[in-house]
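Working notes, beginning with the structure itself.
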Amino acid sequence: MKIRNSFVTNSSSSSFILIGVNADNYFEKFGAEKYKSCGENYYELKDDTFEIVKTEYYYYISLFESYIRKSLYDKTVNQLKLEFVENSRNKGIEVSPDDVCFEYGGYYNG
């Protein structure tokens, strides 16, 4: 009989990678809509460059995760942070490079 000792990925787990800013600080600038449900804040963003990413504790406005994962092969995290700032500036939104973060992780939703 085999016994698995490592974590098994299933539909109850989530992982994420993001380069962006905390949504609480920037949602108005990015035109994200904030609403409450059951006492929690939620955000909705209609954009073709950025997306809302929810981690276990926070919401972030980030470059699309698929773009980040693809770009990490030939760009550094710092280059992607600067890209976030530049993409924001192109939309008329000023973002301080110091506010842009790189976050990654996973958690169990069960």
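Structure notes:
- Odd one out for residue 18 among (1) modelled with pLDDT of 95 or more; (2) touching a helix residue (DSSP H, G or I) at 6+ places or on another chain (Cβ under 7 Å): (1)
- Any chance residue 45 is out of contact with any His (no Cβ under 8 Å at 6 or more places or on another chain) and either modelled with pLDDT of 90 or more or of a type in the set (Ser, Thr, Tyr) (or both): no
- Tabulated pairs, region 43-55, first farther than 10 Å from residue 32 by Cα, second at pLDDT 90 or above and assigned to a strand (DSSP E or B), C-beta under 6 angstrom, 6+ apart or interchain: 50/61; 53/18; 53/60; 53/62
- Residue in region 66-75 that is modelled with pLDDT under 90, within 22 Å of residue 102 (Cβ to Cβ) and part of a loop (DSSP other than H, G, I, E, B) present: yes
- Residues of region 59-80 satisfying the condition of being acidic (Asp, Glu) and farther than 14 Å from residue 15 by Cα: 74
- Of the residues making up region 73-94, those that are more than 17 Å from residue 26 (Cβ to Cβ) and over 15 Å from the mean Cα position of the chain (by Cα) number 6.
The values are calculated or read from the model by the stated rules, or taken from the named source; none is laboratory data. The model shown is predicted, which means the values in this text are computed figures rather than measured ones. As a convention, Cβ positions derive from the backbone with ideal geometry for all residues, glycine included, and neighbour counts pool all protein chains shown.
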